2 protein chains.
Amino acid sequence: MTTTAIQEYLINGSKAALLSPLDRGFAYGDGVFRTLIVQNGKAQHWQLHYAKLLHDCHVLGIVCPGSSVLLGDIERLFADNAQKAVAKIIVTRGEGDRGYSMPSLAQPTRVLIKSVFPNYPVEAFEHGVRLYLCQTRLGYQPKLAGIKHLNRLENVLARAEWNDPAIADGLMLDMEGNAVECVMSNIFARYGQTLVTPDLTRCGVAGVTRQRVIELASALGYRTEIRQLPLSELMDADEVTISNSLFGVWQVRALGEKSWQAQPLASQLRKLLQG
Amino acid sequence: MTTTAIQEYLINGSKAALLSPLDRGFAYGDGVFRTLIVQNGKAQHWQLHYAKLLHDCHVLGIVCPGSSVLLGDIERLFADNAQKAVAKIIVTRGEGDRGYSMPSLAQPTRVLIKSVFPNYPVEAFEHGVRLYLCQTRLGYQPKLAGIKHLNRLENVLARAEWNDPAIADGLMLDMEGNAVECVMSNIFARYGQTLVTPDLTRCGVAGVTRQRVIELASALGYRTEIRQLPLSELMDADEVTISNSLFGVWQVRALGEKSWQAQPLASQLRKLLQG
């Protein structure tokens, strides 16, 4: 599922620039990020991604760069990309003195990184994927829950637990054993006409595609519940799917020893997401 | 308590170098750090700091640079410093492709930052300090507890809760209301001849000076207990002190509405720490 990406970047709009180690993104992970698809110079679902970036910056008290500034960066770095490519936008609080105190006159740092689109196997879309159950659990931190901030060591430790390229992602539980999300995606469990996705007010990242799936599910006749989802209940689902902004939605066909039959929801949702 | 620090740095030993945004320290906070005093080109208590750096790197699976490499950096950057100055050493996993998977051939990044020694008020040493009780609480994450890693948003949010320069530090509780540590120091509570310091196996940073205080306390005739310390119990202490590698030990004279009389432990410990 991995690919050696050739990566290019802009820092505050400049190709020549590099980062100072005094940047608080480096010192403390004091910043947020987004990952999205750019094709033909166009950032997909930009309004949703920018709204999420604004929201996450606001929670941390970081001044978010304007939408037109970020779109200008994207236009510049992705000008010659007719193919799908991946844009990662990082916004940090900027440089500061030593110590945790927020700098009073911080100039936020914005970074745009271009990577090749992952070489996802066709069978992931056609026949679904296998998940690993991570031992690393998500700690509760209501003040940071939902936010896609730069403190991602839990994801790093969880991702290091498996090497098997046949595994697409790893399910992460909270400290009480509720399913929360996967290392790089959100998760949904279907029971009849009800779609359940974990509540993310104590831990986890509330992705833009998760939000879109919640909205689109009603168009398919599903009722959505956002609540705690114990692992045992997830295992009893009629169908499990995962979502992120790059692959859209995949059906989960196996999690550890448990397996699920092929079901149509993932492909139905993918069609709506592309629409 | 703050000072505008003139900061210089070396990245992988070079003054000219800057950081790539592909460095995982920046992308995910995937690294660790140390803060220590350097005087006359000599890093104070280097063996303890290096042992802690090695330990913290090991927990994250990062290859720690050799002691002589780091000492060479310190010699170079602090050559002309007769005064006390602050060294901050950051070690990250190095650069990687997009995504959480650890790079198979990562070259760790090492950064050394020199800052002026903080202009601590004399009265902090002579008459003790005031603490603020932070609302931001520390989440449990046993896999990262104790480690001085770069995921420090909890400290950033907690430090942003007060502006009053008369407040030296902020006490942080865990989710159950136990005292754990301060934003930039460890904490001790004395009851008669017993010194209690919070257990840090679920959250918090186990500082080098905390370790030294635990060892030195027995020389002063105290018995040390490392265990959970509910806030209500901390409030009933005969004496409260905080420690870090820059100021050593201060007595806490006030925490919110609670105040304590002057006591000799902090200055006794400071003398031993300097010895």
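The values are calculated or read from the model by the stated rules, or taken from the named source; none is laboratory data. Because the structure is predicted, anything quoted here is derived from the model rather than measured. Ideal geometry is used to build each Cβ from the backbone, glycine not excepted, and the neighbour counts take in all protein chains shown.
Right, B:Leu19: under 25 Å from A:Asp30 (Cβ atoms), surrounded by 22 or more Cβ atoms within 10 Å (Cβ to Cβ) and more than 14 Å from chain A (Cβ to nearest Cβ) or not? Spelling it out, it is not the case that B:Leu19 is under 25 Å from A:Asp30 (Cβ atoms), surrounded by 22 or more Cβ atoms within 10 Å (Cβ to Cβ) and more than 14 Å from chain A (Cβ to nearest Cβ).
Looking only at residues of the range A:219-234 that are under 23 Å from the mean Cα position of the chain (by Cα) and not polar (S, T, N, Q), we find that the one that is surrounded by the fewest Cβ atoms within 10 Å (Cβ to Cβ) is A:Arg227. The set of residues from the range A:178-204 being under 12 Å from A:Ser243 (Cα atoms) and within 14 Å of chain B (Cβ to nearest Cβ) comprises A:Glu181, A:Cys182, A:Val183, A:Met184, A:Ser185.
On the given criteria, is A:Leu153 out of contact with any Leu (no Cβ under 7 Å at 6 or more places or on another chain), at pLDDT 95 or above and crowded, with 22+ Cβ neighbours inside 10 Å? No.
Only residues that are of a type outside the set (S, T, N, Q) and part of a loop (DSSP other than H, G, I, E, B) were counted in the range B:255-275, giving 6.
The residue list A:Gln135, A:Gln193 contains one member that is within 29 Å of B:Leu173 (Cα to Cα), surrounded by fewer than 18 Cβ atoms within 10 Å (Cβ to Cβ) and at pLDDT 95 or above, which is A:Gln135. Just give me the residues in the range A:66-112 being of a type in the set (Val, Ile, Thr) and on the phi > 0 side of the Ramachandran plot, in sequence order. Passing the criteria: none in range. A search for C-beta distances below 9 Å between a residue of the range A:65-84 that is of a type in the set (Lys, Arg) and any residue that is loosely packed, with under 15 Cβ neighbours inside 10 Å, counting only pairs 6+ apart in sequence or on different chains, returns A:Arg76/A:Lys15; A:Lys84/A:Gln39. Residue-level check: of (1) closer than 23 Å to A:Lys143 by Cβ; (2) more than 10 Å from chain B (Cβ to nearest Cβ), A:His45 misses just (1).
Inclusion of A:Ser101 among residues that are free of Cβ contacts under 8 Å to residues at least 24 places away in the same chain and either hydroxyl-bearing (Ser, Thr, Tyr) or in contact with a helix residue (DSSP H, G or I) (Cβ under 8 Å, 6 or more places away or on another chain) (or both) is warranted. Scanning the range B:83-127 for residues that are acidic (Asp, Glu) and facing chain A (nearest Cβ under 8 Å) yields a single hit, B:Asp97.
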